[in-house]
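Input: a single structure, listed below in structure tokens.
The values are calculated or read from the model by the stated rules, or taken from the named source; none is laboratory data. Not measured: the values here are computed from a predicted model. Cβ placement follows ideal geometry from the backbone for every residue including glycine, while neighbour counts extend to all protein chains displayed. Keep in mind that these areas ignore ligands, DNA and RNA; they rest on the heavy atoms of the full protein, side chains included. Shrake-Rupley method; radii C 1.70, N 1.55, O 1.52, S 1.80 Å.
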Amino acid sequence: MQNNVLCYANYLLSYSNSKTKVLKIIKMKKIAAFIALAISLSHLTASAQSGVIKGNVVDEQQAPVGAVTVSLVQAKDSSLVKTILADAQGNFQLDSLKDAQYKIVVTGTGSQKWYSPVLAVSATNSTINLKSVVLPKSVLALTGVTVTGRRSLIEQKIDRTVVNVDASISNAGTTALEVLEKSPGISIDKEGNISLKGKSGVLVLIDGRPTQLGSADLANLLRSMPSSGMDQIEIMTNPPAKYDAAGNAGIINIKTKKNKQLGYNGSVTVGVGKGVYYRHNEGVVFNYRKNKLNVFFNGSHNYNKRDEQLSIQRNFLDPSTREVLYSFDQRGRMSNSRVSYNAKAGFDYSFNSKTSVGIVASGFSSPNTFGNFTTTNKNVGNVLEEGTRSTASNKEQFKNGSLNLNFRRVLDTTGREITADADYLSYKGNGAMNLVSDYYSAAGLKKGRSDTLVGSLPQLINIYSGKIDYVHPLKNKRRFEAGIKTSIVATDNNALYDTATNGGLQRDQSRSNHFLYEENINAAYVNLSMPLGKKWNGQFGLRAENTTAKGTQRTTREVFNRSYTQLFPTTFLQYSMNAKNNFGINYGRRINRPNYESLNPFIEFLDRYTFQQGNPDLKPQFSHNMELSHTYNNILTTTLNYTKTTDIIQQVIEQNEEKSETFVRQANIADQRQYGISVNAGMPLNKWWTSNMYLSVFNNQFEGVVDGTKVKLGGTMAVFNGSQQFKLGKTTSAEVSGWFRSAGIEGVMKIRSMGMVALGFSQQVLKNKGTVRLAVRDVLNIQKVRGESKYGTIDAMFQNKQDTRVASLGFTYRFSKGKMGGVTRRRAGSASEEQNRVGGGNSN
């Protein structure tokens with residue numbers, strides 16, 4: 001049509017040479033040109049928005065490959081037009097393409113790049129369907145080459161958020177807990193408890209295997225893990241049915257560094273830091289793969305000494321009048337020396353391309369010492385009545401050994417496969433405590449003899465676990481998965497306390513306790529994923545778990561038995577409106593079982609008046625989670641969430657006014673409802689500046705009964721994480737990062753606002769085989785926890801300042817000789833939720 005109009009315009013121009021018709025011809029010329037221009041622009045606009053290229057990515061067994069990168073480039077010069085991520089089933093679609101010649105480039109981790117032939121988009125070829133794009137495993141030779149490609153700090157995938165640890169310079173010399181603390185949506189409270197988007201009850205995995213530790217000991221483990229051994233952090237707020245239903249708030253999976261090259265490869269890392277005290281870490285990663293055999297080893301050593309200051313002000317109230325009877329002012333100075341030795345070794349053997357077996361052995365040893373000097377003043381009104389000075393020393397030795405056997409069998413070329421894991425884990429701990437308290441009059445004169453309490457806290461935990469998973473691709477891009485799992489856990493905790501009397505030690509029966517716990521969980525799941533139309537995809541799962549538990553207090557001869565079966569459905573729906581806008585909605589029901597440490601009723605002392613105690617009456621908490629999300633151009637993700645939790649497990653403070661004692665324990669205190677919104681944005685602002693920003697705002701409402709008192713608390717909190725990265729040259733980069741939490745509610749405690757700022761600098765050396773990183777964490781030294789708890793007769797405030805301002809210097813050297821390829825090693829074992837609930841020590 002455009003050509004016809006132009007011809008007609010030319011005809012009008014040559015219609016007559018008569019002077020008398022010049023004005024008429026000029027007028028007709030303008031009209032014809034305007035019509036031609038309008039139709040031409042209309043034609044070009046329609047043409048620019050008519051082209052579509054779509055396809056589906058599969059592996060060599062025809063199984064879908066999700067979340068790979070699909071890039072559209074100009075065929076003439078390979079200049080980038082746009083980049084998108086394929087969905088979970090490997091589907092992708094590029095819309096609104098101009099008439100031109102293009103190529104598609106598909107890239108995925110551990111795979112070769114796939115290049116399409118030249119694709120000509122035109123009016124007669126406006127829709128191009130590539131159908132199945134086969135993405136083969138990488139066989140790129142790397143002899144003498146060191147890979148130094150830079151990954152984005154934050155990757156937003158369909159079902160999870162991924163943090164690439166090495167992409168942040170300020171992570172140098174830090175620990176796993178500090179890396180988590182500044183990851184999107186994650187908060188760490190004063191006790192080291194981890195929450196996700198304002199919700200407690202997070203299941204923490206390491207390489208897909210649960211850590212099986214209680215909150216305090218999990219925090220100790222993460223403090224002993226150097227960030228240099230970490231590769232990625234996967235954050236899943238609503239995991240599918242394949243994963244254990246444990247974790248009210250979701251799952252955090254810490255992936256350690258792995259190597260997939262043929263030949264040998266690895267890295268060596270050393271680091272030193274200085275806060276109040278010096279600290280250092282060393283680590284090595286080594287992998288050797290040849291033919292059908294792969295052998296690997298990871299090892300690390302970490303020494304970390306920290307300083308901590310804790311102040312507590314408590315008012316003891318009259319239960320009837322709520323008047324202040326007296327008050328305690330406690331000030332403590334603590335130092336914690338933590339040493340850890342971690343090792344993991346194993347091998348994989350591939351009988352052929354379809355069958356492989358593997359063995360992984362790991363273990364750690366962690367000798368720690370903890371010292372605390374506390375002064376406590378008892379005041380009546382504003383007058384000092386008496387004082388106490390307490391010195392506590394604790395020595396702990398915690399060891400772990402674990403063994404994993406795994407098997408994988410590909411059944412046919414359609415991608416059907418079966419995998420199996422068997423795990424054995426053993427934890428052994430022995431703690432020795434010595435608490436000496438001296439009492440003084442208001443005039444400072446010592447009163448009576450010193451009060452000495454000696455404790456021995458041995459514990460033993462054995463875990464046996466096994467699982468089988470089956471994957472069956474179906475027609476029309478559907479995928480069926482099913483699996484079964486069983487686990488058996490046995491714990492033995494014997495808390496023995498002695499009191500010094502008349503120059504000797506006498507068993508303190510009121511504080512000693514021998515607790516045995518046995519638990520068996522049997523589970524089965526099914527999961528089906530499928531396209532529901534051209535733009536819709538769905539995933540539906542159901543998991544059933546049967547739990548049988550028995551607890552025995554040998555000291556008091558009390559026994560409890562529990563048995564229950566629960567169903568945990570999951571649903572995921574995704575709608576791809578166009579190339580730039582994707583919507584998702586998901587729902588899941590989850591459980592958070594009390595960890596073994598919380599069930600154990602033994603007492604752990606901070607000083608004579610303050611201690612924490614387990615609660616064998618704890619019940620599991622259940623939650624319903626819903627999320628609605630929108631992703632724009634793979635840059636901006638906005639999520640709305642709603643969670644309802646029953647029998648929520650939280651730390652509560654209780655008091656004994658007669659003995660002036662305050663103790664902390666876990667309890668099923670309330671039901672909780674949460675509404676929230678989060679926004680995650682990550683993009684390069686220009687060639688040298690990349691920005692990653694995360695903001696979450698949520699409202700928590702608690703309502704329940706604590707120690708016989710009805711409690712109703714609520715509040716809104718905001719959590720912000722941000723990182724600005726700057727490329728100063730080809731081998732030099734810098735970073736400014738930090739986080740901020742507004743004031744809000746954590747269980748029955750009101751916590752004030754707090755934050756942290758970190759700086760980092762990175763330099764590639766030794767022909768890009770080495771990296772030097774300098775970082776300063778909490779530059780302004782403002783990370784201080786302050787809060788209060790007021791309900792019933794509880795009236796307490798606290799301030800806690802840890803050793804957080806630390807300067808660190810780290811060096812990593814990478815070596816390799818070989819080529820990419822081979823069967824991907826399986827690291828995820830079957831001890832899923834169980835290992836995350838162990839009540840002591842460290843693990844790896």
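Annotations for the structure displayed:
- Taken together, the residues in segment 36-67 that are at pLDDT 80 or above and open to solvent by less than 20 Å² (accessible area, probe 1.4 Å) amount to 6.
- Some residue of segment 73-86 being of a type in the set (A, V, I, L, M, F, W, C), open to solvent by 50 Å² or more (accessible area, probe 1.4 Å), closer than 18 Å to Trp536 by Cβ and under 27 Å from the mean Cα position of the chain (by Cα): yes
- Single match in Gly770, Gly818, Gly840 (criterion: modelled with pLDDT of 80 or more and not hydrophobic (A, V, I, L, M, F, W, C)): Gly770
- All of (1) touching a Gly at 6+ places or on another chain (Cβ under 7 Å); (2) small (Gly, Ala, Ser); (3) under 20 Å from Leu218 (Cβ atoms) hold for Gly263 with one exception: (3).
- Filter result (farther than 30 Å from Gly708 by Cα and open to solvent by 20 Å² or more (accessible area, probe 1.4 Å)) within segment 305-337: Lys305, Arg306, Glu308, Gln309, Arg333, Ser335, Asn336, Ser337
- Qualifying residue in segment 391-413 (condition: of a type in the set (Ser, Thr, Tyr) and at pLDDT below 90): yes
- Pairs where the first residue, in segment 548-565, is touching a residue at least 24 places away in the same chain (Cβ under 8 Å) and the second is of a type in the set (A, V, I, L, M, F, W, C) and open to solvent by 50 Å² or more (accessible area, probe 1.4 Å), C-beta under 9 Å, 6+ apart: Lys550/Val559; Gly551/Val559; Thr552/Val559; Gln553/Val559
- Unique residue being at pLDDT 70 or above and open to solvent by 10 Å² or more (accessible area, probe 1.4 Å) when the list is Val139, Val147, Val165, Val134: Val134
- If you go through segment 409-431 and keep only what is more than 30 Å from Lys475 (Cβ to Cβ) and open to solvent by 70 Å² or more (accessible area, probe 1.4 Å), you end up with Tyr424, Lys428, Asn430.
- Within segment 548-570, if we keep just the residues that are β-branched (Val, Ile, Thr) and at pLDDT below 85, the residue that is surrounded by the most Cβ atoms within 10 Å (Cβ to Cβ) turns out to be Thr555.
- Unmet criterion (only one of (1) buried (at least 20 other Cβ atoms within 10 Å of the Cβ); (2) in contact with a Lys or Arg (Cβ under 7 Å, 6 or more places away or on another chain); (3) more than 22 Å from Gln309 (Cβ to Cβ)) for Glu703: (1)
- Considering segment 270-291, and only residues there that are open to solvent by less than 30 Å² (accessible area, probe 1.4 Å) and modelled with pLDDT under 90, the residue that is nearest to Ser356 (Cα to Cα) turns out to be Arg289.
- For first residues located in segment 396-416 and assigned to a loop (DSSP other than H, G, I, E, B), partners that are open to solvent by 80 Å² or more (accessible area, probe 1.4 Å) and lie 6+ apart or on another chain with Cβ distances below 6 Å form the pairs Thr414/Gln62; Gly415/Gln62.
- Residue in segment 306-314 that is in contact with a Gly (Cβ under 8 Å, 6 or more places away or on another chain), of a type in the set (Asp, Glu) and at pLDDT below 90 present: no
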